[in-house]
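K.L.:
Okay, here's the structure, questions in a sec.
The values are calculated or read from the model by the stated rules, or taken from the named source; none is laboratory data. Computed from a predicted structure; not experimentally measured. Neighbour counts are summed over all protein chains in view; Cβ atoms, including those assigned to glycine, are modelled from backbone coordinates with ideal geometry.
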Amino acid sequence: MLLTTVHDRADLAATFAADPALHAYELGDLDDHFWPYTTWYRLRGGHSVALLYTGAEFGPILLALSRPDRAAELRALVTELLPVLPRSFYAHVTGGAQDVLDNDYKVVDHGVHRKMALENFAPVTGEPTVTLTRADLADLRELYAAAYPDNSFDARMLDAGDYTGIRRDGRLVAVAGLHVRSTTRRIAAIGNVTTLPEVRGQGLAAVAVSALCTRLRETVEHIGLNVKADNTAAVGLYERLGFVTVSDYQEVSATAR
């Protein structure tokens, strides 16, 4: 099969718009803010698309996602991608496509994750929230170091006012942010949600996510997120806010042998 690169944003948007809940990240990455860091691949005559994103601080990310009826095509696509993949990368994959990497890469499994989408928003209220800016960057990094060191925070997202926080006595204690957003395609993916360990269990994350969703819904039609499937507390929080499960997928990191 012939591997091709796709450069037509309209073509890609049409492909992903048929299933925005599964492809929220890909649709967001079509935005001008992210587009320069993307390379898109498809097999000639195929439907499935894989994205290699190189704009993350921690390294390249491969997104290779499909519904079960296209799992075989997706595996074939990842197989053809092997010669062009970087020596190390992180990946989100469905349909067992991560197995294709085993001969060429040392693969570390980071577990089953769940894609969720907001369907019936049930907002919650609580302590006042604030919109974070570049002026809050040091406090935000301090919060992540204490509460979520394995995050995928992109400081550029602060420029668009896409992070919502809660402060107590001046200290940032909870935050909800975005991984991607496209106002053109009216889609956003929530991420990097955390609370300081000493104040967990008080509903602060729910308040921050709820406030962020309330603001997003003014300009965004589809709101999604990723969460580890066995993180029952987080899954329950999102379900209470009106998120529903879309699909499970695997997260892995790969390093060339």
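Yes or no, residue by residue, for (1) modelled with pLDDT of 95 or more; (2) in the same structural domain as Asn151 (by TED's automatic domain parsing); (3) of a type in the set (Lys, Arg):
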| position | (1), (2), (3) |
| --- | --- |
| Ala21 | no, no, no |
| Tyr25 | no, no, no |
| His33 | no, no, no |
| Tyr41 | yes, no, no |
| Arg44 | no, no, yes |
| His47 | no, no, no |
| Leu52 | yes, no, no |
| Ala56 | no, no, no |
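K.L.:
Among the residues of segment 216-257, write down those that are part of a strand (DSSP E or B) and more than 30 Å from Asn103 (Cβ to Cβ).
P.N.:
His222, Ile223, Gly224, Leu225, Val227, Phe243, Val244, Thr245, Val246
K.L.:
Check every one of the strands (runs of 3 or more DSSP E) wholly within segment 151-199 and list those with 3 or more residues that are in the same structural domain as Ala211 (by TED's automatic domain parsing), under 19 Å from the mean Cα position of the chain (by Cα) and among the hydrophobic types (A, V, I, L, M, F, W, C).
P.N.:
Here the list reads 171-182, 187-195.
K.L.:
Among the residues of segment 223-247, how many are in contact with a strand residue (DSSP E or B) (Cβ under 9 Å, 6 or more places away or on another chain), farther than 15 Å from Gly111 by Cβ and not small (Gly, Ala, Ser)?
P.N.:
10
K.L.:
Name the single residue that is surrounded by the fewest Cβ atoms within 10 Å (Cβ to Cβ) among those in segment 183-206 being among the small types (Gly, Ala, Ser) and farther than 19 Å from Thr133 by Cα.
P.N.:
Gly201
K.L.:
Residue by residue through segment 67-103, note down the ones that are buried (at least 19 other Cβ atoms within 10 Å of the Cβ) and of a type in the set (A, V, I, L, M).
P.N.:
Result: Leu74, Leu77, Val78, Leu81, Leu85, Ala91, Val93, Ala97, Val100, Leu101.
K.L.:
Out of the residues in segment 181-193 meeting the condition of being out of contact with any strand residue (DSSP E or B) (no Cβ under 6 Å at 6 or more places or on another chain) and farther than 20 Å from Glu119 by Cβ, tell me which one is modelled with the lowest pLDDT.
P.N.:
Out of the qualifying residues, it is Thr183.
K.L.:
Can you tell me which residue in segment 77-126 is farthest from Gln250 (Cα to Cα), limited to those that are in contact with a Gly (Cβ under 9 Å, 6 or more places away or on another chain) and part of a loop (DSSP other than H, G, I, E, B)?
P.N.:
Gly126
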